Amino acid sequence: MDALLEARSLSIHFGGLKAVENVDLDVREGEIMSLIGPNGAGKTTFFNLVSGFLKPTSGTVKFMGKDITGMEPHETARLGLVRTFQKTNIFADVTVADSIRIGFGQHRHAGLIGILGNSASVRKENADVHEKADEIMKFCALYDWRDFLVKNIPYGKQRLLSVALALATSPKLLLLDEPATGLNPTETKELIDIIFNIRNKLKITVFLIEHNMNLVVSISDRLAVLCYGEKLTEGIPSEVAKDPRVIEAYLGRGFQPNVS
Amino acid sequence: MNKTAKLGIISAAAVLFLILPHLFTMDYYLHIFVMSEIYAVLAMSLALIVGFSGQVSMGHAAFYGVGAYVSAILSTRLGMSFWVNFWISGLAAGLISYLTGRLVLRLRGHVLAITTAFFCVLVNVIMVNWIPVTNGPMGIVGIPRPTPINLFGLKIAFETRMHYYYLGLLFVVASAWFLYRITTSRLGDNLIGVRENEELAKSLGIDTMKNKVFAFTVGGAFAGLAGSFYAHYILFISPVTFTIGESINVLVMVIFGGMSTLLGPVFGAILLSILPEFLRMAGALRLIIYGVSLICFIIWLPQGVWGSLKNWWINKKNSDSAAG
């Protein structure tokens, strides 16, 4: 398997704080990979570096063999590297269906003249987008909510909507930043199915940050662990979970019942 | 709403607006109608910037003024006709709003509002002080009316307000059609994405800066067209018309009618052009009533009259389908 995403000695420093330091990391095509680590380990910062929301201090990021270091977020998204956010990031004041349509932006190319004349090709493009939006809403169990304003749908559905929005861009690599945060067990189960389907049916590589260890262990092909901005280890879930360095990072050295 | 009901409402509105100047034939009424038309275009074009792309601009009167001055200067100095000046004014205002947009749209929220407000002040200062070109505070007098046109044997000389009313109506309908197409297209979707959540829009591959500049440019161009129409209607322009107060006036129309719609701002423009005239009866209380009613609207109908109706409709449809 080829590496779809390659980070090489990636670092970002905020003043004296080394938020991400010298991280080498590969995401291979077709896998579900997770990035875990204690709070403040630099996981989200790593996502921000890869997706272009932050510019690295040093190091490079390659996506499909192309150097994308320092690109703008909309440029990386156009190449097929699309991320979701840790906080619930949605278009609040539009309906679910309209909001998915916004996600298709980069795949719609109607010119101004065509738009003003409402030409046949523009109408076809709009009809196609409608159809594909319906498919995505069905895929993410949002179809019944399509005419509701996004701000009025349940929180769990809003989390799914951010995944659906990212899917609308037809990504090659999907970065999910804590998709299960705040979901109840039923919703988490639904999310796990959807993530599996994204990889198995849509053939999209998934790279996620997650704190819910049940979810991580049950869906990931591989794990990478960050701690204080540095990569501790990576490998298959069962090995990583036994790694003494990982246990130390999460629980401290030796056995300390009072974690203060 | 089904198609026949929609068609019925549209044709009723068309008939109403076509016969309106024959129902109210006094020059005073016609003047208010023509001004409503100019404000309708200004409000719609500002709604594209504020309501659709979510960038609060207090500089709209500047582009309106640029359009009016370009038209006035071309016609009084070079003797050019309104029919040519109109388009040049739109292009000039569009160009200036493109350049301004490139500079100021990096800013957001209040900072953007204040910066655009000062841009408006800046343009006004230029109008007052660049006397060789703008004739300063005295303004430009003697702007010619549009040259007469021959419409299927019918000679229209633009000597009565009635003629301006119909030309203005055409202007409003054409602008509304243009902006309707844009806002319902992929471009409109992109703009709504930018308005609702710029960070998310970026992460979905939307070049937010490009889209904001696009909205600002098109909005500014339409304001320029409206300025040209104004100059050739009033036949006299001076810097006092194009102040920040005028920007706020148009912004209030947009908020009042409903920002993220096109019909809302038209509604706001008509109502806020007519309402102050009615309130003249209330004498000294006029400004107080006007202010209080605006505050009430913003508190209870923050999405504007039209926006609230639209949301009510969406909710009703959802509860109907849930019940049935």
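Laboratory data are not the source of any read-out in this text; all were calculated from the coordinates shown. Note that the structure is predicted; figures quoted are calculated from it, not measured. As a convention, Cβ positions derive from the backbone with ideal geometry for all residues, glycine included, and neighbour counts pool all protein chains shown.
No other residue among B:Gly307, B:Gly283 is in a helix (DSSP H, G or I), touching a residue at least 12 places away in the same chain (Cβ under 8 Å), out of contact with any strand residue (DSSP E or B) (no Cβ under 8 Å at 6 or more places or on another chain) and among the small types (Gly, Ala, Ser) apart from B:Gly307.
Run down B:Ile295, B:Ile244, B:Ile299 and say which single residue is out of contact with any Phe, Trp or Tyr (no Cβ under 8 Å at 6 or more places or on another chain), in contact (Cβ under 8 Å) with a residue 60 or more places away in the chain and away from chain A (no Cβ under 14 Å). It would help to see each step written out before you state the result.
Working: B:Ile295 fails: in contact (Cβ under 8 Å) with a residue 60 or more places away in the chain; B:Ile299 fails: in contact (Cβ under 8 Å) with a residue 60 or more places away in the chain.
B:Ile244 is the lone residue from the list that is out of contact with any Phe, Trp or Tyr (no Cβ under 8 Å at 6 or more places or on another chain), in contact (Cβ under 8 Å) with a residue 60 or more places away in the chain and away from chain A (no Cβ under 14 Å).
Checked across segment A:115-138, the condition of being among the hydroxyl-bearing types (Ser, Thr, Tyr) and in a loop (DSSP other than H, G, I, E, B) holds for at least one residue. Restricting attention to segment A:140-156, does a residue exist that is surrounded by fewer than 19 Cβ atoms within 10 Å (Cβ to Cβ), away from chain B (no Cβ under 13 Å) and in contact with a Leu (Cβ under 6 Å, 6 or more places away or on another chain)? There is at least one residue in segment A:140-156 that is surrounded by fewer than 19 Cβ atoms within 10 Å (Cβ to Cβ), away from chain B (no Cβ under 13 Å) and in contact with a Leu (Cβ under 6 Å, 6 or more places away or on another chain).
For B:Thr261, the stated conditions do not hold, so it cannot be described as surrounded by fewer than 23 Cβ atoms within 10 Å (Cβ to Cβ) and either within 14 Å of chain A (Cβ to nearest Cβ) or closer than 21 Å to B:Leu99 by Cα (or both). Exactly one residue out of B:Val173, B:Val266, B:Val194, B:Val213 is under 29 Å from A:Arg123 (Cβ atoms), more than 11 Å from chain A (Cβ to nearest Cβ), of a type in the set (A, V, I, L, M, F, W, C) and surrounded by 24 or more Cβ atoms within 10 Å (Cβ to Cβ), and it is B:Val266. One residue is enough: does segment B:124-144 have a residue meeting the conditions out of contact with any strand residue (DSSP E or B) (no Cβ under 9 Å at 6 or more places or on another chain), closer than 22 Å to B:Phe216 by Cα and among the aromatic types (Phe, Trp, Tyr)? No, that holds for no residue. With respect to B:Val125, is the statement that it is part of a helix (DSSP H, G or I) and either among the hydroxyl-bearing types (Ser, Thr, Tyr) or over 28 Å from B:Val252 (Cβ atoms) (or both) true? Criteria not met by B:Val125.
Looking at segment B:96-109 only, could you name the residues that are without any contact (Cβ under 8 Å) to a residue 24 or more places away in the chain and in a helix (DSSP H, G or I)? Passing the criteria: B:Leu99, B:Leu103, B:Val104. Within the option set A:Gly105, A:Gly52, being at the interface with chain B (Cβ under 9 Å from one of its Cβ atoms), touching a Pro at 6+ places or on another chain (Cβ under 7 Å) and small (Gly, Ala, Ser) holds for one residue only, A:Gly52. Among helices (runs of 4 or more DSSP H) entirely within segment A:1-106, having at least 2 residues that are in contact with a Gly (Cβ under 7 Å, 6 or more places away or on another chain) singles out A:73-79.
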